[in-house]
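Below: one structure, written as structure tokens.
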Amino acid sequence: MKVCSKRSVLAGVKNSLSSLRRMSSLQRFPFETQNGEHYWAAKDNRSYQSARAGFKGATFAHQADLPSLVVPELNQTMAKYLESIKPFCKDASEYYKQELLVRDFLGNMGPVLHQRLVKFSEGKRNWMSEFWDNQSYLEYNDPVVPYVSYFYTHQRLPKSHKRIDADPLLKATAIIVTASRFIEALKDQSLPQELIKGTPFCMNSFELMFNSCRLPGNAEDNRDTSIFYSIYENNFIIVSFKGNYYKVLTHNESDGTPLNPREIWEQLYFIVSGLNSQLQSDTNAGIGLLTSLPRDQWRKVHHELAKNPLSKDSLSTIHKASYLLALDLDDQPISLEEKSRNAWHGDGINRFFDKFVQFFVCGNGSSGFLGEHSKMDGTPTCFLNHYICKEISNLAPTEFIDNVFNRQKSSVLPAKDVTHLPFLITPFIKGWIEKANELFAETMDEHDLRVWHYNRYGKNFIKKQGMSPDAFIQQIIQLAVYRYLGKQLPTYEAASTRKFFKGRTETGRSVSIPSAKFVSTWEDPSATISEKIDVLKKSAKYHSDYLKAAAAGNGIDRHFFGMKNMLQNSDETPKLFQDPLFNYSSTWLISTSQLSSEFFSGYGWSQVNDNGFGLAYMLNNEWLHINIVNKPMKSGLSVNSMHYYLCEAADEIADTLISSAEPLKSKL
């Protein structure tokens, strides 16, 4: 590992002093939507918006009109809880014990905790927001990757775009140019508020997406923070290549207009071609690995790293950047599993896992996205990636390529504007990089991954059967798990609560009395086809109804979460909260979530519990897709076995539905 050269240190110190002067002039402004977050800027956003001729003010215009997150009714929550745990009860006596615990809770601490929560929620647009962000993410000590991050892999471009798709610098240029258009739409607030089936959804995450980063807390803290900068003042990105970071401009410094494709491509070419010996000699490969450490360790190392003005300024530049784009030119993933692995974690070196938004492009043009989860869920970044992939697929490839390689259209080579971000690698930092490398390899080796990409049918077929595609694939999962293990396991599905201000997720409990009836009936050799279809449709309908209620804020798990947070030191913990079955029912041994796009070839993340599976799935028109992840040594379970049972369940359900629709054949 090399330390920075003397020339680089002197240049870096000059830049750092200049940056520190700029930073000292920054002020902390609240976001206009009053979301409780602040951004750092020289001037507030409104001063830039008023000067933009194309400013529409539409994206966040209706944030104030969104309803506040509701607190569910207590008796309703307890009734739903009893329904949800019945499939896990061995006999009537065990269920009766749960009824007694619920009766005790309702007669003692339950109403007290509920009323405290109601009072706590008064005057708050989202009573859960701070609790959830902190306890589920920012106080979570495990490494961001693989336990918090999530990814998408992009479909290959149409054959007409083959040259762009196969050339990593052209592909990266297309992503950057298209992302800049998206960012310009956010600057103009011309992106309309998202509507799902006519219901407006909260756009808060779009305000936090760019020019932001997770930030390690102080070394003595047990919590991270986040930092946000003005989207109008930081018109650059970070490009990572072979573990080094480079500041790359995306807009003209003079008038703030986006750079053309040629100007973007030239900067990328300058980085990878080694035209500047300074960029080659000052290698800091390994800094990214530090962001893969457990958070308490990264906080300690970050504190030491930031003591040096050079390194502190480089970190600040990464935080301010719109996003990071990684050039993984030595990697050429082919299979779905290889693409998922590269998207999920790569080599650990050519990433900065704290960055909220990261794209990557491989040597064969394979591309995708990695998201940090602490401040936003997947629906906004799915929207972003769908937009980018769709726009690139629809661009005129010949015209785009001409714009890149027609030198007559080129400005002065902007390579001089590419800035290598140096870090001072002390023996202390070097030692931690080596340790991080070992821990990263050990952690990722613990995980197994298999992709279930099912081409027999997709949403179109499912809709013709009169069922919700999402509820349908949940039945496939339940039957597969039951076939594999001979029992159902507590199963989580993320239900978006974005219809509320700063809404994130509620739990959809996939195991239910109807789902238990469904799997047991399908395992009964005496069950008729009509009986099987009847219980399948009833289970799917129940699941769909539960998920709608959860999205409306009327699930049970966030209500319990809120009431637990109302416990005071002098309170005795309710017996219900101490009960093994109560806690088992929310131990997500099967964790699922859906985000879909016809422009994606993959979507995934880690298992939530080391004894179970993570099943991230996509529902597309003609195919289904599940990214299966687990820790085989910890769980004793196999992704290959799960893959087999998913195939078996999906085939059998389809065969049964198809056979029921066929006219009866005469006997021979």
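Worth a mention:
- Residues in the stretch 174-232 that are of a type in the set (K, R) and in a loop (DSSP other than H, G, I, E, B) were compared, and the one that is nearest to the chain's Cα centre (by Cα) is R223.
- Within the stretch 26-107, helices (runs of 4 or more DSSP H) holding 3 or more residues that are not polar (S, T, N, Q): 74-85, 92-107
- Test: residue in the stretch 560-567 that is closer than 19 Å to K86 by Cβ and crowded, with 21+ Cβ neighbours inside 10 Å: no
- L66 being crowded, with 18+ Cβ neighbours inside 10 Å and modelled with pLDDT of 95 or more: yes
- Positions within the stretch 204-225 being polar (S, T, N, Q), over 10 Å from M376 (Cβ atoms) and buried (at least 17 other Cβ atoms within 10 Å of the Cβ), in sequence order: N211
- Residue in the stretch 76-98 that is closer than 30 Å to T33 by Cβ and surrounded by fewer than 20 Cβ atoms within 10 Å (Cβ to Cβ) present: no
- Condition check for G486: within 15 Å of I590 (Cβ to Cβ) and exposed (fewer than 14 other Cβ atoms within 10 Å of the Cβ): yes
- Qualifying residue in the stretch 146-153 (condition: at pLDDT 95 or above and touching a Lys or Arg at 6+ places or on another chain (Cβ under 6 Å)): yes
- Test result for L329, surrounded by fewer than 21 Cβ atoms within 10 Å (Cβ to Cβ), among the hydrophobic types (A, V, I, L, M, F, W, C) and in contact with a Phe, Trp or Tyr (Cβ under 8 Å, 6 or more places away or on another chain): yes
- When the criteria are applied in full, K537 fails the requirement of being among the basic types (K, R), in contact with a Leu (Cβ under 8 Å, 6 or more places away or on another chain) and in contact (Cβ under 8 Å) with a residue 40 or more places away in the chain.
- Restricted to the stretch 198-235, and to residues there that are at pLDDT below 95 and of a type in the set (S, T, N, Q), the residue that is farthest from S496 (Cα to Cα) is N218.
- Where R295 falls short, out of the listed (1) under 30 Å from R498 (Cα atoms); (2) of a type in the set (K, R); (3) surrounded by fewer than 20 Cβ atoms within 10 Å (Cβ to Cβ): (3)
- Failed condition for R181, given (1) more than 25 Å from F353 (Cα to Cα); (2) surrounded by fewer than 16 Cβ atoms within 10 Å (Cβ to Cβ): (1)
- Yes/no for K464 being among the charged types (D, E, K, R) and surrounded by fewer than 21 Cβ atoms within 10 Å (Cβ to Cβ): yes
- Matching residues, the stretch 561-602, being within 18 Å of F131 (Cβ to Cβ), of a type in the set (F, W, Y) and either under 24 Å from the mean Cα position of the chain (by Cα) or not in a helix (DSSP H, G or I) (or both): F561
- The stretch 331-359: number of residues that are closer than 20 Å to H625 by Cα and among the basic types (K, R): 2
- Taking the criterion of being of a type in the set (A, V, I, L, M, F, W, C) and within 34 Å of the chain's Cα centre (by Cα), the residues of the stretch 90-137 that qualify are L113, L117, V118, F120, W127, M128, F131, W132.
The values are calculated or read from the model by the stated rules, or taken from the named source; none is laboratory data. Keep in mind that this is a model prediction, so the values were computed, not measured. Here Cβ is always computed from backbone atoms with ideal geometry, including for glycine, and neighbour counts include all displayed protein chains.
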